[in-house]
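All remarks here apply to the structure that follows.
The values are calculated or read from the model by the stated rules, or taken from the named source; none is laboratory data. All of these numbers come straight from a predicted model, not from anything done at the bench. Heads up, the Cβs are rebuilt from the backbone with ideal geometry, glycines too, and the neighbour counts pull from every protein chain shown. When the accessible area is computed, the model is the full protein with side chains, heavy atoms only, and any ligands, DNA or RNA have been set aside. Shrake-Rupley method; radii C 1.70, N 1.55, O 1.52, S 1.80 Å.
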Amino acid sequence: MNLRWRLTTCAVTAATGLGMLAVPAAAGQQPAHASGCTLANGIKHVISIQFDNVHFTRDNPNVPSDLEQMPHLLNFLTGNGTLDTDHHTPLIAHTANDILTSLTGVYGDRHGQPVSNSYRYFKPDGTSATGVSFAYWTDGVFDPANATPTDTTPTMTTPDGKVAPAPWVSYTRAGCDFGSVSTANTILENTAIDIPTVFGANSPEASEVASNPYSQYVEIGSR
């Protein structure tokens, strides 16, 4: 069982270990909307932290749970609000699906990645290949063996064929900036494919990726 908590003073919520921290503007500062960001109740920043597959309860009664083995985090959660332990992971509970379920609020059968972190997909010739869940929100199927997606349908496709609502939309529509680090499908993770797509095949950024193999593992995410 993963954890979900709510801190009364900071309006913090979490799903599968996801924390949403809403920070009001400090005394003397102008409200957020003065700079174009119009969040409610004077909130200036929202910080989301996810602890993937961190368990509150014990799987084995003789072995301390994940949080019991991280006493500082456990004490922070239980000492600063109400800890909701009746929250359940999606199935299959892998990293990509856990994070994407938290970001969308729906299980994988409704956000486009019901099986993760990898799966098989069919190619036009009837054969199958490996697809990986970690792909940018609107990317086609990410096949590590094929730089050009065979299936260009967006990775995050709902049952009715639409792209699942992205987590940054509510913030950008309110005039706020949005950034993410190491968060499934919100970053340019597969840089060998994503960087040329976003910046152009002949861009300096694409040239760096081509010349430096280590740059292919850089994760970039901001809006």
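What the table below lists for this structure:
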item: Linear extension gain, residue 145 paired with residue 106, 0.36 nm per residue minus alpha-carbon span; result: 11.1 nm
item: Carbon plus sulfur fraction of accessible area for segment 99-169, probe 1.4 Å, in percent; result: 57
item: Euclidean distance of C-alpha centroids, segment 52-128 and segment 130-180, integer Å; result: 19
item: Debye intensity ratio in log₁₀ form over the Cα atoms of segment 142-183, taken at each q of 0.25, 0.33 Å⁻¹; result: -0.93, -1.04
item: Chymotrypsin sites (Phe, Trp or Tyr not before Pro) restricted to segment 82-169 and DSSP loop, no more than 15 other C-beta within 10 Å; result: 107
item: Estimated FRET transfer efficiency when R0 is 22 angstrom, pair residue 201-residue 153 (beta carbons, to 0.05); result: 0.50
item: Segment 75-223: Cα Rg divided by the 2.2 N^0.38 Å rule of thumb; result: 1.16
item: Over segment 57-122 - Rg/Rh using Cα atoms and the Kirkwood inverse-distance radius; result: 1.09
